[in-house]
Amino acid sequence: MPVQAAAALDAATLDHVSRGEPAWLVALRADWWRRVEANPWPTPAQEEWKRTSLDDLPRDGGLLLDPPMATYDLDPALAARGVIFSDLATAVREHGELVRAHLGRNDTIAAQMPFWGRSLAGWTGGSFLYVPAGVAVDGPLVARTSLPAGAYTYLPHSLVVLEQDASATLLEEISSPDGHAVWFGGTADVQVGYGARLRYANLQRLGDGVWRIGAQRVEVGQDANVTTLNAEIGSGISKVGMDLRMTGKGGTSRLLGLLAAGNAQRIDFNSCQDLLGSHTTSDLLYLSALYDASHASFYGVTRVRPEAKQTSSYQECRNLLLSPKAGAEPIPVLEIETNDILRCGHGATAGHIDPIQRFYAQSRGLSAEAAERMIVRGFFERVVAQIDSEPIKARILDALAPRIGQTDEMAA
Amino acid sequence: MALPNPAAAKVPTGYKYGWHDPEMKSLHVMKKGLSREVVEEISRIKGEPQWMTDLRLKAYRHFEARPMPTWGGDMSQIDFQDIFYYVTATDKAVSSWDDVPDYIRRTYDRLGIPEAEKKYLAGVGGQYDSEVVYHNIRADLEKLGVIFLGTDEGLAKYPEIFKEYFGTVIPANDNKLAALNTAVWSGGSFIYVPKGVHVELPLQAYFRINTENMGQFERTLIIADEGSSVHYVEGCTAPAYTTASLHSAVVEIIVKKGARVRYTTIQNWSHNVYNLVTKRAVAYEDAVMEWVDGNLGSRLTMKYPSIYLLGERAHGEVLSIAFAGSDQHQDAGGKVIHAAPNTTSLITSKSISQGTGRTSYRGLIKVYPGCHGSKSTVRCDALILSDEARSDTYPYMEIDEDDVTIGHEATVSKVGSEQLFYLMSRGMNEAEASAMIVNGFIEPIVKELPMEYAVEMNRLIQLQMEGAVG
């Protein structure tokens with residue numbers, strides 16, 4: 001199927017996109033587009049945009065109008081209990097009022113607003129997950145999207161809402177063929193209610209011509225527990241911002257990242273762990289394995305607000321440099337505005353494989369390549385071990401296999 | 001226009017270093033403000049060679065052209081036209097203690113300089129206002145060929161060495177404040193240690209700001225030739241005045257092959273001073289450069305001693321303590337640039353914020369491609385003593401080489417209630433107990449200070465803690 005794309009991202013295109021949509025959504029898109037036009041394009045003067053230049057962002061490809069192939073499998077028994085899992089456009093048609101209550105209601109941090117706004121104005125795809133109060137979804141829900149070939153702009157928006165005491169595990173996987181200049185501006189708005197529990201994994205396997213400029217916003221309610229995982233494997237340039245808001249008292253979050261990059265890939269991640277509620281816990285662990293001339297940047301802020309007492313937070317970013325041309329810029333920032341903290345700190349490292357580890361592995365008969373794969377696998381294990389859904393773990397290990405080999409390599 | 005200074009109202013009346021000698025007469029006092037004419041006049045009064053006049057004017061143009069930095073602390077209250085750029089207390093430097101005028105000696109007596117000299121000093125270069133008024137260098141150092149002079153005197157007596165190195169580490173256009181210093185610099189120390197000479201005792205100098213609204217723009221240049229070593233110590237206390245004062249120094253250090261330099265600073269500026277300092281060293285093959293930097297006092301300090309490791313196996317260390325009380329912001333840290341293979345560095349930062357004070361660690365580790373075998377560790381610990389205090393950590397790292405080991409770690413904590421309870425159950429009051437815990441926290445750095453500074457540091461922490469608790 002040929003890609004149907006509009007000329008450019010502008011008001012006329014948005015009129016076209018919103019044709020046939022309910023009036024509230026037409027107004028919502030128009031409202032976000034006005035904000036996009038009022039908001040300046042990012043500049044290197046913003047700390048989050050110092051390390052990725054948008055000068056070469058492929059802006060000429062038109063907006064992808066038809067949503068690409070996506071699969072959403074949901075057990076009918078869960079659907080009967082009120083769980084909704086579909087693409088966002090279908091959800092608007094079938095559950096309009098529910099989507100309306102949650103879509104486009106939130107701002108995000110200033111550095112991400114230009115892309116957050118574009119996505120909320122111009123989305124033509126994205127997932128919608130709604131879990132009603134008290135409903136537990138056992139197995140993982142998987143949303144798998146394959147983007148078509150061609151040069152275009154695609155700005156999907158995913159909306160995840162867990163009501164009080166709900167629980168769910170979600171994997172969003174996105175892939176596309178190599179060799180096409182695509183601007184992929186996907187965003188996600190994750191709202192986790194009182195006492196709810198969410199495991200949310202993103203597996204990114206985009207083609208090497210893709211610019212992935214993403215934004216995620218996660219709000220953790222009182223006593224809620226959230227783990228997010230960003231596994232960044234593909235794309236040419238990847239810039240993802242995470243806006244985590246620990247608003248509810250006693251909430252817990254873990255932000256995990258696995259980055260495996262090669263060739264001339266650039267991966268730039270910025271996070272803001274905003275601890276607003278007292279007795280909240282937020283830990284971040286990002287691990288990068290960098291091959292060839294790839295480069296990873298990390299700029300993460302932990303902010304503890306004056307009223308957020310008795311919080312506990314840690315931020316850790318480790319980079320394994322596997323080639324003389326690989327580079328890393330890990331920058332973990334703390335802004336602590338109260339002394340009533342239980343624990344607060346950060347750690348960042350960049351370095352090569354310990355030659356003693358390499359020597360040991362080789363002295364046991366492994367080839368240099370196998371030794372490296374095994375050591376990188378061990379390096380990733382701290383995150384992999386925290387993925388508590390076996391199907392998701394298997395999926396992510398499979399995606400990493402070209403770098404770290406199959407897990408049964410040692411047995412073979 | 002005189003600026004209101006909210007900090008001044010909070011300075012206790014008994015502030016020990018907040019005196020002002022009424023007999024003091026400044027001999028050269030220019031009118032306030034900065035212009036091309038003021039820069040030319042400073043150079044003319046000093047009788048400088050033309051190249052220095054030209055450099056000052058070039059730097060002045062840079063200063064004019066560059067915007068104020070927008071990061072770091074709040075500098076919006078600085079009015080560059082409300083500052084004296086050149087003041088001297090006496091006409092010329094004198095070489096013996098007996099020749100120092102009485103009123104200046106009284107000031108120094110209160111700082112304890114003569115006693116300190118008896119014990120430890122190898123030479124004293126005390127800066128009273130902008131000019132060096134007292135210089136005493138021990139005869140044996142002179143015999144070894146060590147030059148230890150005021151910077152103005154250094155320019156007059158050793159123009160060749162001076163011209164070869166001045167402005168090479170921190171060029172006139174480096175940043176706005178360094179450009180200002182280059183345009184109006186006055187005083188500071190000039191040190192040259194010849195090849196293979198080890199200066200066993202620390203060289204010391206005291207700086208003070210003693211004229212209301214007078215900016216102090218001292219310029220220090222230290223050259224340690226191959227295989228030599230020297231430890232330079234600088235300590236500051238400033239009188240408490242009621243309008244904002246600016247201290248903007250530049251320190252340049254060249255550590256040649258196999259040489260070793262340690263530069264220790266303890267600063268206790270009064271709470272209305274803006275302390276905006278550029279300090280940078282270059283270290284060549286097998287050289288060692290160490291900055292020991294203690295920042296107390298001031299309204300705002302922005303200071304990031306940096307080291308460029310330019311030769312193989314060079315080593316750099318920055319040890320930094322910052323203490324911010326109410327209405328104070330200490331934005332300090334360190335930078336190390338690894339520009340040669342097998343270079344190593346260590347940055348240790350300890351910061352304490354109290355009342356409404358704010359401490360920020362801001363640092364950079366950069367490793368250029370090809371600098372294999374480089375290792376760096378950055379360790380930042382912050383102690384927050386009050387509910388309204390704030391602590392930030394901004395550690396920048398840019399690593400463009402794989403064969404390296406780079407690590408950064410930071411923690412933020414408060415004084416544990418169990419620790420306080422234990423000490424108070426042993427009969428201490430809360431202030432004493434807190435001071436003891438804080439002293440323990442900064443101990444790894446204090447133990448690196450010369451003995452009298454370590455004593456002073458602990459005493460200053462104690463003074464800060466009194467009235468802070470309870």
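Can you find, within the range B:133-148, the residue that is surrounded by the fewest Cβ atoms within 10 Å (Cβ to Cβ) among those that are at pLDDT 85 or above and in contact with a strand residue (DSSP E or B) (Cβ under 6 Å, 6 or more places away or on another chain)? So that I can check it myself, show each step before the final result.
Let us first name the residues in the range B:133-148 that are at pLDDT 85 or above, namely B:143-148.
With the extra rule that they be in contact with a strand residue (DSSP E or B) (Cβ under 6 Å, 6 or more places away or on another chain), the set shrinks to B:146-148.
Numbers: B:V146: 22, B:I147: 19, B:F148: 26.
Looking at the filtered set, the residue picked out is B:I147.
Among residues of the range B:425-441 that are more than 21 Å from B:A454 (Cβ to Cβ), those with a beta-carbon under 7 Å from a residue that is outside any helix (DSSP H, G or I) at least six positions away or on a different chain give the pairs B:E430/B:V469; B:E430/B:G470. Would you be able to tell me the number of residues in the range A:333-373 that are touching a residue at least 12 places away in the same chain (Cβ under 8 Å), over 17 Å from B:G373 (Cβ atoms) and at the interface with chain B (Cβ under 7 Å from one of its Cβ atoms)? Residues meeting the conditions: 13. Within the range B:379-420, the set of residues being facing chain A (nearest Cβ under 7 Å), more than 23 Å from B:S360 (Cβ to Cβ) and not charged (D, E, K, R) comprises B:V404, B:T405.
The condition of being of a type in the set (D, E, K, R), without any contact (Cβ under 8 Å) to a residue 60 or more places away in the chain and touching a strand residue (DSSP E or B) at 6+ places or on another chain (Cβ under 7 Å) does not hold for A:D292.
Can you find a residue in the range B:422-445 that is within 14 Å of chain A (Cβ to nearest Cβ) and within 25 Å of the chain's Cα centre (by Cα)? Yes, the range B:422-445 contains at least one residue that is within 14 Å of chain A (Cβ to nearest Cβ) and within 25 Å of the chain's Cα centre (by Cα).
For (1) within 14 Å of another protein chain (Cβ to nearest Cβ); (2) part of a strand (DSSP E or B), each residue gets a yes or a no:
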residue	(1), (2)
A:G250	no, no
A:L258	no, yes
A:H279	no, no
A:L287	no, yes
A:A293	yes, no
A:Y299	yes, yes
A:Y314	yes, yes
A:P324	yes, no
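Considering only the range B:357-364, I want to know if a residue exists there that is assigned to a loop (DSSP other than H, G, I, E, B), within 21 Å of B:N275 (Cα to Cα), within 13 Å of chain A (Cβ to nearest Cβ) and of a type outside the set (F, W, Y). Looking through the range B:357-364, at least one residue is assigned to a loop (DSSP other than H, G, I, E, B), within 21 Å of B:N275 (Cα to Cα), within 13 Å of chain A (Cβ to nearest Cβ) and of a type outside the set (F, W, Y). For a quick check of your reading of the model, give me the residue pairs whose first member lies in the range B:276-302 and is in contact (Cβ under 8 Å) with a residue 12 or more places away in the chain, whose second is among the charged types (D, E, K, R) and in a strand (DSSP E or B), with beta-carbon atoms closer than 6 Å and at least 6 apart or on different chains. Qualifying pairs under 6 Å: B:V277/B:K303; B:V288/B:R260; B:E290/B:R262; B:E290/B:E317; B:M302/B:D331.
Across the range A:315-364, which residue is nearest to A:S282 (Cα to Cα) among those that are of a type in the set (S, T, Y) and buried (at least 19 other Cβ atoms within 10 Å of the Cβ)? Spell out the reasoning first.
Residues of the range A:315-364 of a type in the set (S, T, Y): A:323, A:338, A:349, A:360, A:363.
Then drop every residue that is not buried (at least 19 other Cβ atoms within 10 Å of the Cβ), which leaves A:338, A:349.
Working: A:T338: 16, A:T349: 20 Å.
Ranking the qualifying residues of the range A:315-364, first place goes to A:T338.
Taking the range B:221-289 as the region of interest, the strands (runs of 3 or more DSSP E) fully inside it that hold 2 or more residues being at pLDDT below 90 are B:229-237, B:245-247, B:260-269. Just one residue in the set B:I191, B:I170 is of a type in the set (A, V, I, L, M, F, W, C), more than 17 Å from B:M52 (Cβ to Cβ) and either at pLDDT 95 or above or not in a loop (DSSP other than H, G, I, E, B) (or both); that residue is B:I191.
If you check B:E398 against the conditions, is it touching a strand residue (DSSP E or B) at 6+ places or on another chain (Cβ under 7 Å), among the charged types (D, E, K, R) and free of Cβ contacts under 8 Å to residues at least 40 places away in the same chain?
It is true that B:E398 is touching a strand residue (DSSP E or B) at 6+ places or on another chain (Cβ under 7 Å), among the charged types (D, E, K, R) and free of Cβ contacts under 8 Å to residues at least 40 places away in the same chain.
The residues listed here are A:G236, A:G186; of these, the one that is under 13 Å from the mean Cα position of the chain (by Cα) and closer than 18 Å to A:N270 by Cα is A:G186. Filter the range A:68-85 for residues that are within 19 Å of A:S167 (Cβ to Cβ), touching a residue at least 24 places away in the same chain (Cβ under 8 Å) and of a type in the set (G, A, S) and give the result. Matches in the range A:68-85: A:G82 only. Those helices (runs of 4 or more DSSP H) of the range A:1-113 in which at least 2 residues are modelled with pLDDT of 90 or more, considering only elements entirely within it, cover A:23-38, A:76-80, A:88-94, A:96-102. A:A399 meets each of the listed conditions (1) assigned to a helix (DSSP H, G or I); (2) in contact with a Lys or Arg (Cβ under 7 Å, 6 or more places away or on another chain); (3) buried (at least 20 other Cβ atoms within 10 Å of the Cβ) apart from (3).
The values are calculated or read from the model by the stated rules, or taken from the named source; none is laboratory data. Please read all numbers here as calculations on a predicted model, not as lab measurements. Here the Cβ is made from the backbone with ideal geometry for all residues, glycine too, and neighbour counts use every protein chain on show.
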